[in-house]
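The structure appears below as structure tokens.
We did not get these values from a lab; they are worked out from the coordinates using the rules stated. Everything numeric here is computed off the predicted structure, so don't read it as measured data. Reconstructed Cβ throughout: ideal geometry from the backbone, glycine too, with neighbour counts over all protein chains shown.
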């Protein structure tokens, strides 16, 4: 039987595959509680929009699902996809290898904390 144009084949879900099950357990045990317990989600966005970064996509997806404010940190010169611009509360172009960029990121975090009614003078706990 010929495949219909425009139809894709069903993806065989990898449930039961040991490496997928380990990764899924990690996401459920470690990633989701971190995102759920965070006040702001900072996303280090890949610079190449054509390179698939599954970790980034999963983290961003859960941040959206948990309705977290999102700061998307993009490398200088990165073309930011339109949909990411709509989802992110802030797009910050930074080279995190530069000290002034790290300071700028902390300023943006403090600004967003203040906007949420928080005390940005308390320590900011950054977890990677």
Suppose the chain between residue 25 and residue 57 were pulled fully straight at 0.36 nm per residue; how much longer would it get relative to their current alpha carbon spacing?
9.8 nm
In what sequence do 84, 28 fall when counting other Cβ within 10 Å, fewest first?
28, 84
List, largest first, the extents of the alpha carbons of region 73-121 along their principal axes, each in whole Å.
33, 27, 7
If every alpha-carbon in region 28-120 counts as one equal scatterer, what log10 I(q)/I(0) does Debye give at q = 0.16, 0.20, 0.24 1/Å?
-0.68, -1.06, -1.37
